Amino acid sequence: MLVTSKNNQAIQFQTKLHYIAKKLREKQTTAEYILWQQLRRKQINNAKFKRQHPIGRYIADFYCRKAKLIIEVDGLIHEKQIERDQARDLYLLQLGYTVLRFSNNQVINNINEVLNIFHHSPLLLGEGLGERYVLSPQTRLKFLGA
């Protein structure tokens, strides 16, 4: 089978994305570390999460395949790129994913409140899997479906 230039570019892009994801896992932020300690090993509703996982042309901070849920932990830079984040969230929504965004500050200072959302999420409880929500960057912490 002949690999076209376009296919070759796509393969190179995916390889680069996986390399970047690996580097991001090695250099996680404090907030990402705190949240990962709670999400790993199926501690919340037996949901398996991956961190810094490539999806399409993006890398999700945390990803649960079964629930099609992406969790983003945003630093201060995201306050200046709201439109970019909204476009990214829309792209992921069109692929069928739910995107939840939390600020670093919310994760570091209110981890129990953040975790409460996951413990009661219909997506992580196996309910409401047909419904998808995208929270705007202005809505950093909100109970799914509320």
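Points to keep in mind about this one:
- P(r) for region 5-119, from all Cα pairs and a bin width of 10 Å, is 13, 43, 36, 7, 1 %, short bins first.
- Counted charge near Asn104, where neighbours are those whose Cβ lies closer than 9 Å (Asp, Glu -1; Lys, Arg +1): -2
We did not get these values from a lab; they are worked out from the coordinates using the rules stated. Not measured: the values here are computed from a predicted model. Heads up, the Cβs are rebuilt from the backbone with ideal geometry, glycines too, and the neighbour counts pull from every protein chain shown.
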